[in-house]
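The next block holds one structure in the form of structure tokens; read it before the comments.
The values are calculated or read from the model by the stated rules, or taken from the named source; none is laboratory data. Bear in mind that the values here come from a model prediction, so they are computed numbers and not experimental data. No Cβ is skipped: glycine too gets one built from the backbone with ideal geometry, and neighbour counts run over all protein chains shown. To get the accessible areas, we keep the full protein, side chains included, count just its heavy atoms, and leave off ligands, DNA and RNA. Shrake-Rupley method; radii C 1.70, N 1.55, O 1.52, S 1.80 Å.
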Amino acid sequence: MPRINNAIDFRLLSKVASLYYHQNYSQLEIANKLNLSRPKVSRLLKEARERGVVRITVNYSDKNFVDIEVKLEEKYHLKEVVIVDIDPDSYGEDSPFLKRQMGAEAANYLQRIITKGDVLGVTWGTTLQEMVESIRPQQIEDLHIVQLLGGVGPPEAKAHAADLSRRLAHLFYGTLTLLPAPGIASNPDSKKALLSDQQVKSAFDLFPKVTKAFVGIGSLSTNPVLDGDDNPIAPQIHRELMEKDAVGDISLRFFDKHGKPVKTTLQERLIGIELDQLKKIKNVVAIAGGKNKIDAIRGALRGGYIDVLITDIFTAKSLANV
């Protein structure tokens, strides 16, 4: 990477970092404001972190949440709960700031637990994207990254499972196995044909070998797959999910408030890890928070799909008291 050797470059790094981290602008909004491309903004943010213009930390102020963490660990039989302190103003619907805070903490957690020989599984989502953005490059010997869900959304999106998997493999100097298929096939016959592909089978063959998985938890209200503007069958799927009392999903595998799997016609087309396969992984880490995801997180906990939860203090209190 070329060295920055003038004040103008440092000013631009500082400006972009301030807009993103302090003023809560999205990368696209920064690009439009400063007449930059979105990839350029992403590179500048990365350079700002690498050169110390930005240091990402999660501040717990003077508060100690160990008692709530322990309560949740005991209540839901979890290995560990990590609670992020946030300002009440950030506890909104699908808050970008909340995702950044949780993503930063998830990055710290991943770099603490990852070890030689791990097979690391990854799904998709914007909170996982924030985790990847916060990871410091670190060489892990004999590390393998596996994409657990086929592609959902545009391939160029940073929250796309393939992009997250590639970036993690690059950051940790690991080997990579992608799942070269759409996350949602056009029909069941297409899914059957895709599953017979050797490269797709190679990814599925690695699912039982995954030692650690990092996943997001989706709610019905914010799931882009259920957005009818981009998906003509979304209204039908959403109706099926509502009729069967679904509250959320992991990797587009939906469940109800008790954690029981909810089957819809969407499941007949999904290409990726299933909930029963997820349960067999020894260490599944979920990064999720926000008021719109409380029911979904609770359902995932009751279903026993996760072993570690990284969430915010307000969500944690709600989960602990109900």
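Quick one: which residue in Gly150, Gly125 is of a type outside the set (A, V, I, L, M), closer than 20 Å to Gly103 by Cβ and in contact with a strand residue (DSSP E or B) (Cβ under 6 Å, 6 or more places away or on another chain)?
So the residue among Gly150, Gly125 that is of a type outside the set (A, V, I, L, M), closer than 20 Å to Gly103 by Cβ and in contact with a strand residue (DSSP E or B) (Cβ under 6 Å, 6 or more places away or on another chain) is Gly125.
Looking only at the range 268-278, count every residue that is open to solvent by 20 Å² or more (accessible area, probe 1.4 Å) and farther than 16 Å from Ser196 by Cα and tell me the total.
Narrowing the range 268-278 to residues open to solvent by 20 Å² or more (accessible area, probe 1.4 Å): 268-269, 274, 276-277.
After this cut, where a residue has to be farther than 16 Å from Ser196 by Cα as well, the list is 274, 276-277.
The number of residues fulfilling the criteria is 3.
Out of the residues in the range 169-225 that are surrounded by 15 or more Cβ atoms within 10 Å (Cβ to Cβ), touching a helix residue (DSSP H, G or I) at 6+ places or on another chain (Cβ under 6 Å) and of a type in the set (Gly, Ala, Ser), which is nearest to Val146 (Cα to Cα)?
This residue is Ala181.
Taking His77 as meeting all but one of (1) at pLDDT 90 or above; (2) surrounded by 12 or more Cβ atoms within 10 Å (Cβ to Cβ); (3) not polar (S, T, N, Q), write down the number of the exception.
Every condition holds for His77 apart from (2).
If I go through the range 307-322 residue by residue, how many of them are open to solvent by 10 Å² or more (accessible area, probe 1.4 Å) and in contact with a strand residue (DSSP E or B) (Cβ under 6 Å, 6 or more places away or on another chain)?
Residues flagged as open to solvent by 10 Å² or more (accessible area, probe 1.4 Å) and in contact with a strand residue (DSSP E or B) (Cβ under 6 Å, 6 or more places away or on another chain) within the range 307-322 amount to 1.
Which numbered condition in (1) under 20 Å from the mean Cα position of the chain (by Cα); (2) acidic (Asp, Glu); (3) assigned to a helix (DSSP H, G or I) is the only one that Glu240 fails?
Of everything listed in (1) under 20 Å from the mean Cα position of the chain (by Cα); (2) acidic (Asp, Glu); (3) assigned to a helix (DSSP H, G or I), Glu240 misses just condition (1).
Which pairs have Cβ atoms under 7 Å, sit 6 or more apart or on different chains, and link a residue in the range 236-249 that is within 15 Å of Lys260 (Cβ to Cβ) to one that is of a type outside the set (Asp, Glu) and open to solvent by 80 Å² or more (accessible area, probe 1.4 Å)?
Correct list of pairs: Asp245/Lys257; Val247/Lys257.
List every residue pair whose Cβ atoms sit under 6 Å apart, with the two residues 6 or more apart in sequence or on different chains, where the first one lies in the range 262-273 and is more than 16 Å from Gly218 (Cα to Cα) and the second, anywhere, is part of a strand (DSSP E or B) and open to solvent by 10 Å² or more (accessible area, probe 1.4 Å).
Matching pairs, first to second residue: Arg269/Ile184.
On the basis of being of a type in the set (Lys, Arg), open to solvent by 50 Å² or more (accessible area, probe 1.4 Å) and at pLDDT below 95, does Lys244 make the cut? Break it down stepwise before answering.
Values: of a type in the set (Lys, Arg): yes; open to solvent by 50 Å² or more (accessible area, probe 1.4 Å): yes; at pLDDT below 95: yes.
So Lys244 passes the test.
Among (1) closer than 21 Å to Val200 by Cβ; (2) surrounded by fewer than 24 Cβ atoms within 10 Å (Cβ to Cβ), which single condition is Tyr109 missing?
(1)
Which of the residues spanning the range 23-48 are free of Cβ contacts under 8 Å to residues at least 24 places away in the same chain, open to solvent by less than 90 Å² (accessible area, probe 1.4 Å) and not in a loop (DSSP other than H, G, I, E, B)? Spell out how you get there, then give the answer.
Let us first name the residues in the range 23-48 that are free of Cβ contacts under 8 Å to residues at least 24 places away in the same chain, namely 23, 25, 27-40, 43.
Now restrict to residues that are open to solvent by less than 90 Å² (accessible area, probe 1.4 Å): 25, 27-28, 30-31, 34, 36-37, 39-40.
Scanning the range 23-48 gives Gln27, Leu28, Ile30, Ala31, Leu34, Pro39, Lys40.
Take Tyr76 and decide whether it is in contact (Cβ under 8 Å) with a residue 12 or more places away in the chain, over 18 Å from the mean Cα position of the chain (by Cα) and within 25 Å of Gln277 (Cβ to Cβ).
On the way: in contact (Cβ under 8 Å) with a residue 12 or more places away in the chain: yes; over 18 Å from the mean Cα position of the chain (by Cα): yes; within 25 Å of Gln277 (Cβ to Cβ): yes.
Yes.
Of the conditions (1) modelled with pLDDT of 90 or more; (2) crowded, with 17+ Cβ neighbours inside 10 Å; (3) aliphatic (A, V, I, L, M), Ala159 fails just one. Which one is it?
(1)
Out of curiosity, is Gly103 modelled with pLDDT of 80 or more and touching a helix residue (DSSP H, G or I) at 6+ places or on another chain (Cβ under 6 Å)? Full working, then the answer.
Numbers: modelled with pLDDT of 80 or more: yes; touching a helix residue (DSSP H, G or I) at 6+ places or on another chain (Cβ under 6 Å): yes.
Criteria met by Gly103.
Could we say that Ala320 is aliphatic (A, V, I, L, M) and farther than 19 Å from Ala246 by Cα here? Steps first, please.
Values: aliphatic (A, V, I, L, M): yes; farther than 19 Å from Ala246 by Cα: yes.
For Ala320, the condition - aliphatic (A, V, I, L, M) and farther than 19 Å from Ala246 by Cα - is met.
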